[in-house]
1. From 201, 205, 187, which residue is open to solvent by less than 10 Å² (accessible area, probe 1.4 Å) and of a type in the set (Asp, Glu)?
2. Among the residues of region 207-234, what is the count of those that are more than 12 Å from residue 122 (Cα to Cα) and assigned to a helix (DSSP H, G or I)?
3. Looking at (1) in a helix (DSSP H, G or I); (2) open to solvent by 30 Å² or more (accessible area, probe 1.4 Å); (3) farther than 23 Å from residue 115 by Cβ, can you tell me which one residue 172 breaks?
4. For region 55-70, state whether one or more residues are at pLDDT below 90, exposed (fewer than 10 other Cβ atoms within 10 Å of the Cβ) and over 29 Å from residue 215 (Cα atoms).
Amino acid sequence: MKNEKIDWLGEIKKAGRFASRGFLKFLQIFANVLITIILIGVLTGVIVVSAFSIYIGNYIETEADMSFFKLNISSTTTRIFYYEFDDRSGRVGKEIELEDQRLQGDKDSIYVKYENIPENMINAVIAIEDKRFRTHDGVDWKRTIAAGANFFLGFAESGYGGSSITQQLVKNMTHEDDYTIQRKVTEIFWALDIETKMEKEEILELYLNVVNFGNGSSGVQAAAYSYFSKDVSE
């Protein structure tokens, strides 16, 4: 039997055509699967966004009630002063505070203006509580997403808070701190709305006057007196 000569070039071309058809078939299947996944994702996204929009429209107050963001002065501590006269007849003298003679309300709180709070105190609170406070619009989305991921995945041992200073102000002024989705979503919308109506300095001033510093002290001025027996400016 005669050995037949093998046409290697022809065989290579056949193999190439076969491989090309197989590769094109694979690409077609892959493209179909990818398009199906994308369509499912888009459809799911539309459904989720629509459902969320309906939920917000029916259950969430997106505009902040600004009446909450006015302090009830009658509930704060009253400071008592007397005059030390250099010239009693001419009514020349200075006010002296009667220490330990304050009339306390339901909390020890003494309001102080933003310009009287040391810059280092303001910067320290921002660094600890909300380092992107001056650049975000009420919500630190990066921190919020990280906090949400930690809630479900638990990658951090301690609680990873996602609330900005503005969100904390909402919680402090409304006294709403329930662990519910509705409360958190409302807090986010209110924080975004507040930042369109108040300057950053106004938000910081109010926050630093109401936040709890422990030992019954509400606000930086009361805390300064409580811990150091000094005015916060000192």
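1. None of the others qualify; the one that does is 187.
2. 9
3. (3)
4. Taking every residue of region 55-70 in turn, at least one turns out to be at pLDDT below 90, exposed (fewer than 10 other Cβ atoms within 10 Å of the Cβ) and over 29 Å from residue 215 (Cα atoms).
Every residue, every condition in (1) open to solvent by less than 80 Å² (accessible area, probe 1.4 Å); (2) outside any loop (DSSP other than H, G, I, E, B), yes or no:
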residue	(1), (2)
133	yes, no
146	yes, yes
152	no, yes
192	yes, yes
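The values are calculated or read from the model by the stated rules, or taken from the named source; none is laboratory data. Since the model is a prediction, treat every value here as computed from it, not as a measurement. Neighbour counts are summed over all protein chains in view; Cβ atoms, including those assigned to glycine, are modelled from backbone coordinates with ideal geometry. Keep in mind that these areas ignore ligands, DNA and RNA; they rest on the heavy atoms of the full protein, side chains included. Shrake-Rupley method; radii C 1.70, N 1.55, O 1.52, S 1.80 Å.
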